[in-house]
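The values are calculated or read from the model by the stated rules, or taken from the named source; none is laboratory data. This one's a predicted model, so the numbers in the text were calculated from it and none came from an experiment. Ideal geometry is used to build each Cβ from the backbone, glycine not excepted, and the neighbour counts take in all protein chains shown. Ligands, DNA and RNA are stripped out before the accessible areas are found, and what is left, the full protein with its side chains, is counted by its heavy atoms. Shrake-Rupley method; radii C 1.70, N 1.55, O 1.52, S 1.80 Å.
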Amino acid sequence: MGGKQRDKDDEAYGKPVKYDPSFRGPIKNRSCTDVICCVLFLLFILGYIVVGIVAWLYGDPRQVLYPRNSTGAYCGMGENKDKPYLLYFNIFSCILSTNIISVAENGLQCPTPQMVITSLQQELCPSFLLPSAPALGRCFPWTNVTLPELPGITNDTTIAQGISGLIDSLNARDISVKIFEDFAHSWYWILVALGVALLLSLLFILLLRLVAGPLVLVLILGVLGVLAYGIYYCWEEYRVLRDKGASISQLGFTTNLSAYQSVQETWLAALIVLAVLEAILLLVLIFLRQRIRIAIALLKEASKAVGQMMSTMFYPLVTFVLLLICIAYWAMTALYLATSGQPQYVLWASNISSPGCEKVSINTSCNPMDQPVNSSCPGLMCVFQGYSSKGLVQRSLFNLQIYGVLGLFWTLNWVLALGQCVLAGAFASFYWAFHKPQDIPTFPLISAFIRTLRYHTGSLAFGALILTLVQIARVILEYIDHKLRGVQNPVARCIMCCFKCCLWCLEKFIKFLNRNAYIMIAIYGKNFCVSAKNAFTLLMRNIVRVVVLDKVTDLLLFFGKLLVVGGVGVLSFFFFSGRIQGLGRDFKSPHLNYYWLPIMTSIMGAYVIASGFFSVFGMCVDTLFLCFLEDLERNDGSLDRPYYMSKSLLKILGKKNEAPPDNKKRKK
């Protein structure tokens, strides 16, 4: 019965890998895979470049960076280089009017003449002036100024509050200066903290070969201890409330969740849940201890692999630079597209009821270079209104932005896929080297990088496209959910939550499948679909080992990140807050306006560094694990088919390689 069941499992999840006498690690003689997808990806990138060129030709991001006066001239640029500040004739129009054009599109525009502060000319002066201060290149009145008597404005308090709110929202100059000063005084100490994070991450990974077993045991016992304490605490709370007679029947239903802490049923339910988790973990330790030992041995082997190929630890820098390029290109393209269009000018008069203005068509198009427009109408000006939405580029603006978003997701996912495939190729060459380190190829990381770019750009693009479509669907769903957030229909919200949960699970599964498919691509050089199928069936034939290794690795890497980030955070806090004394004059903490700023910067930098290092280690573990599973199915320990795994793994599995006779050498 057992043999028949195994045969059925083999049919469901594929046949075990057959022995191939020519296989010696990552295949060197390979051909290009997923050529059609490669061509589509390259054409898409070419189109993405064309979109960037079109955006650069038609866009004008100066309107976001610099203020403009009523004639459309930029303040602080060109002829107005020495006139950086914009003056509003009637600042209250900005506060009281609701027709303020989007800053992202046209800058801060108000229905009042605006001009460079030092170019006041005859008949173009404002009716009143207020003491003001510059904010984002614009002159805004002081909040404590006495307001003049103005027609149509009766509430001084409203105006003062409006000015105050406007200044608070725009004028971040003082804070920015203080932040810059803090970074200028503490940047070298931040670099020291990041260096400590790098050193701790590297030491943690390299020392795993020595302490992986005891560390995993301590972590598991720690989890058991936390659960045991939770059970004890829930029991004590339940016992006290039971003696008081506090029951949920007395409380009834309430939306105040904190009220449920005072009833015995809550603590009883928590006690049962924790007890079940404790029992499951104990059963796992008892019945899956062999697989836990295998997982620990693979972690040690991964530490050795990283130690033999230290260059892999710094490959995340390449990925980071490529990701930064992708994000910067998209951001600039989106900015230029958003600011595309020709400037439009219309006629405007401060008082249309004045004599001589009756025949003037207000808000009609005009040319600011034609002066004067109409001398009979006082205050008539040709003012800047905004940017034209006509034209091929402007009509296609939404589609071009969608193209850019798709390009952002696809390129980011492709860069991440490239990193995973390159690292997998390097670590696979380590595992399939029979005599380590003698048989490890020279420059394995560079070889894997060139091999991946040359042959598998299309396969990486295929996997990245599948993930991109799911992520785009999630973004659209989040947008719809945001728009429908005010709807109080519980059925609709439940359906939306279900859809979001399903897409989240689908994205996680595709990431898992892609990751293992890239490992198989790096080893065998087959296309994406075949590699994904082979990886999935191989993992399903060893599903228990997969789960155990995954959870043990997650637990270990979580502890590593906690150690690195927590250690750097604590050291940064004590140093930058001045709590560490007696370090000498050269090591005295700098005087800072916001001491939490370098602390948070150090913590975030430490997290990024730890994540980069541990992502390499995690990829190493996954690659060695797939190679280990293939090694078990491909070889049997004989002279012709020896195992490539380490002696510790052979010992755990109770296997060994057959020793060759003294007068014979193993065939290469």
Fill in the blank from the handout: Once both label points are put 7 Å beyond Cα along the C-beta direction, the LYS436-LYS647 separation in nm becomes 1.3
Fill in the blank from the handout: For the stretch 596-657, dividing by residue count, accessible area per residue (probe 1.4 Å) in Å² works out to 37
Fill in the blank from the handout: In whole percent, the fraction of accessible protein surface over the stretch 405-527 that belongs to carbon or sulfur atoms, probe radius 1.4 Å, stands at 72
Practice task
Measure up LYS526/LYS551; LYS561/LYS647; LYS533/LYS647; LYS28/LYS551; LYS18/LYS500 against 32 Å on the Cα-Cα distance and list the ones that go over.
Solution key: LYS28/LYS551; LYS18/LYS500
Practice task
Please give the per residue accessible area of the stretch 192-235, computed with a probe of 1.4 Å over protein heavy atoms only, in Å².
Solution key: 53
Completion exercise
To the nearest 0.05, the calculated FRET efficiency linking TYR233 and LYS81 through their beta-carbon distance, R0 being 51 Å, is 0.15
Fill in the blank from the handout: With label points set 7 Å from each Cα along the Cα-to-Cβ direction at SER31 and MET600, the distance between them in nm comes to 5.6
Exercise for the section: Describe numerically, in nm with one decimal, the distance between label points set 7 Å from Cα along Cα→Cβ at LEU639 and at GLU658. Expected result: 0.7
Exercise for the section: Give, in nm to one decimal, the length gained when the segment between LYS500 and PHE314 is fully stretched (0.36 nm per residue of separation minus the Cα-Cα distance). Expected result: 63.4 nm
Problem - FRET efficiency for LYS551 and LEU335, using Cβ-Cβ distance with R0 set to 25 Å, rounded to 0.05 - result: 0.05
